[in-house]
1. Return a whole-number percent for the relative contact order of the range 23-320, with Cα pairs under 8 Å and 6 or more residues apart as the contact set.
2. List every residue whose amide H lies under 5 Å from the amide H of Ser61, counting only residues 5 or more places away in sequence or on a different chain, with H placed 1.01 Å from N in the peptide plane.
3. Which ³J(HN,Hα) values in Hz, rounded to whole numbers, follow from the phi angles of the range 255-268 under the Karplus curve 6.51 cos²θ - 1.76 cosθ + 1.60, where θ = phi - 60° and Gly and Pro get x?
4. Alpha carbon centre of the range 207-262 versus the range 71-111: separation in Å?
5. Quick check: residue separation of Lys55 and Ser121 times 0.36 nm, minus the Cα distance between them. What number comes out in nm?
6. Need one number for the range 152-240: average projected area of the convex hull over its C-alpha atoms, nm².
7. Would you kindly give the portion of the calculated P(r) for the range 23-320 that falls above 32 Å, as a percent of all Cα pairs?
8. Anyone know which of Pro273, Pro82, Pro94 comes out most mobile in the 10 Å Cα GNM of the chain?
Amino acid sequence: MKQLLIYLFAVCLFSNCSNDKQTTNLIFDTDMAPDYDDVGALAVLHALADSGEVKILATVSSNKCETTVPCIDVINTYFGRPDIPVGCVKGDAPNLTTWHREARWTDELPKRYPHKAQSASESEDALKVYRRILSLQPDTSVTIVTVGFFSNLKNLLQSQPDEYSKLSGVDLVKKKVKLLVSMAGRMPQGKEFNVEKDSTASVVVFEEWPTPIILSGWDIGNEILTGKRLASSDIQGSPIIDAFSMCLPQDNPEGRMSWDQTAVLVAVRGAAPYFKLEKGIMKAFPDGSNTWTADPKGLHSRLIFQMPIPQLTNIIEDLMLHKPQNKQN
Ligand SMILES: [Ca+2]
């Protein structure tokens, strides 16, 4: 009996107890500053990493604001993953900080919590992080989730062969990436922040990206208010709790829209049972606007609500309340 138990333990250990689940290999691309749903989204991602559902390959910023990378690093370190590669967009790209004035979470998190990265400008070029990480992965295995601007992905698509890969950017993406999930777009048309702020990049990505894309449009996250349970939580020493406790009183104490969390949830677990997918074509324009056209043959899909919103709100908030299980890692 004892031998059987040891055998079962060993099988469980080597299989990571997840034979029935596929682990998603994922790169997280965020603007981590103008809004704090990015904080919630990265918390959701780490919660799903703790349950073995995702391996976080890299976390990069599409925003040149200096606090972005330190804040990402704070959250990775808090969840026991301080060695996840970080990077920041270089060259022409947005530089946007938070609108919060009374208590600025973007300044406070790096002051309060351990991290290695001191600034966005001193961190590695996100393009190099992308090319290095992608070149090392099995073919058609990587999911990219963007919850910020498309600046890094434009740079990746337009990149040339380098020390990491002989492939052009488009060919590297074609070979290594399985899926892009993005919080982006007003459906069926309009302007949305992530598409608008680097509209040149958005035009390039939606025209040239060679894999399927799933879009969590503005109308999805806008309906899901989360954070109230975090702001009233007695959990101490958490940058996630701190960010929501600082910001909600300045915005809406009932909760903040969960744009970015929806994209992460779908990138790791898939759309069902939370959402249905409608296939179509997303087009971005130089003025920052976009259109969505339903088309069964389209390479893009957009999320449509399926699960009742209160249930979905609870699932996302539970994941945002997750406590690290991996602190010494
Ligand atoms: Ca964001």
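1. Details: 696 pairs, mean separation 60.3, N = 298.
This gives 20 percent for the range 23-320.
2. Under 5 Å from the amide H of Ser61 lie the amide H atoms of Thr30, Gly87, Cys88, Val89, each far enough along the sequence or on another chain.
3. x, 10, 4, 10, 4, 6, 4, 5, 5, 5, 4, 6, 4, 8
4. 15 Å
5. On the way: separation 66, 0.36 × 66 = 23.76 nm, distance 2.61 nm.
Separation in residues times 0.36 nm, less the Cα-Cα distance, equals 21.2 nm.
6. On the way: hull surface 35.0 nm².
Here the figure is 8.7 nm², rounded to one decimal.
7. 18 percent
8. Fluctuation is largest for Pro273.
The values are calculated or read from the model by the stated rules, or taken from the named source; none is laboratory data. Predicted model only: the values in this text are computed from it and were never measured. Every residue, glycine among them, receives a Cβ derived from its backbone with ideal geometry; neighbour counts consider all protein chains shown. Note: accessible area is taken over every heavy atom of the protein model, side chains too, but ligands, DNA and RNA are not part of it. Shrake-Rupley method; radii C 1.70, N 1.55, O 1.52, S 1.80 Å.
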